[in-house]
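The structure under discussion appears below in the form of structure tokens.
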Amino acid sequence: MSTQAPRLRFATVWLAGCSGCHMSFLDLDEWLFELAAHVDVVFSPVASDVKEFPEGVDVCLVEGAVANADNLALALQLRQRTRLVVSFGDCAVSGNVPALRNLWSGVDGGSRQSVLDRGYLELADTGAQHPHAPGIVPELLERVRPLHEVIPVDLYLPGCPPSAERIRAAIEPLLRGETPAMEGTAMLKFG
Ligand code: SF4
């Protein structure tokens, strides 16, 4: 890795996912120190408490599908403010686990109410009720969607989660201003 390359403004975002992709990112272990020497982490759930997605981001890894209004608003905002958006993990790339609720669409005219009823009423041990405080549950979208259905994506990094080795192999060329070769099962296999 060249030490002459300018520092990149680097971000990671957690939409509708289990955080497993971020855990795999943390599995980069000591290489994270090398990464930190070449980037400024300007937004990430694992590295800062910044609430507003900043302007002028160079690279953003986006974990998770787009399942609710908050996910959608953040996806649209980060796209406007990021040069290179990476669809990070199978949930972002395909919808994966969060999109299973799409299978319920049509049962009652839509999956949203079914999911809320299942989670807050049918599976409740005690005190079954929908949350009442405004904003405590973001409005669910009618269908869970992969990231590329709501914003243009520059790079797909599949895996559930992508291994730390695959994440590093994708990021390292970006630090040099190059495009990673996303080909072969080592880089593209789902699951
Ligand atoms: S791709 Fe897998 S590990 Fe990543 S957020 Fe989705 S379910 Fe979790």
Residues satisfying the stated conditions in the stretch 24-39, i.e. touching a residue at least 24 places away in the same chain (Cβ under 8 Å), closer than 22 Å to Gly89 by Cα and not in a loop (DSSP other than H, G, I, E, B): Ser24, Phe25, Trp31, Leu35, Val39
Which one of these does Met23 not meet: (1) within 16 Å of the ligand (Cβ to nearest atom); (2) within 27 Å of Glu149 (Cβ to Cβ); (3) in contact with a helix residue (DSSP H, G or I) (Cβ under 8 Å, 6 or more places away or on another chain)? (3)
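Would you check if Pro131 is free of Cβ contacts under 8 Å to residues at least 40 places away in the same chain and not acidic (Asp, Glu)? Show your work before the answer.
Details: free of Cβ contacts under 8 Å to residues at least 40 places away in the same chain: yes; not acidic (Asp, Glu): yes.
Considered against the rule, which asks whether it is free of Cβ contacts under 8 Å to residues at least 40 places away in the same chain and not acidic (Asp, Glu), Pro131 comes out as yes.
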Of all residues being open to solvent by less than 20 Å² (accessible area, probe 1.4 Å), away from the ligand (no atom under 16 Å from the Cβ) and out of contact with any helix residue (DSSP H, G or I) (no Cβ under 6 Å at 6 or more places or on another chain) in the stretch 32-55, which is nearest to Gln77 (Cα to Cα)? Just the residue, please. Val39
All but one of (1) open to solvent by less than 40 Å² (accessible area, probe 1.4 Å); (2) away from the ligand (no atom under 16 Å from the Cβ) hold for Gly64; which doesn't? (2)
Pull out all pairs, ordered by first then second residue, where Cβ-Cβ is under 6 Å, the residues are six or more apart or on different chains, the first lies in the stretch 164-191 and is at positive phi, and the second is crowded, with 17+ Cβ neighbours inside 10 Å. Gly191/Cys160
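With respect to Thr185, determine if the residue is modelled with pLDDT under 90, open to solvent by 90 Å² or more (accessible area, probe 1.4 Å) and of a type in the set (S, T, N, Q).
On the way: modelled with pLDDT under 90: yes; open to solvent by 90 Å² or more (accessible area, probe 1.4 Å): yes; of a type in the set (S, T, N, Q): yes.
So Thr185 fits the description; yes.
The values are calculated or read from the model by the stated rules, or taken from the named source; none is laboratory data. If you're wondering where the values come from, they're calculated on a predicted model, not measured in any experiment. Note: ideal-geometry Cβ built from the backbone for every residue, glycine included; neighbour counts use all protein chains shown. Ligands, DNA and RNA are stripped out before the accessible areas are found, and what is left, the full protein with its side chains, is counted by its heavy atoms. Shrake-Rupley method; radii C 1.70, N 1.55, O 1.52, S 1.80 Å.
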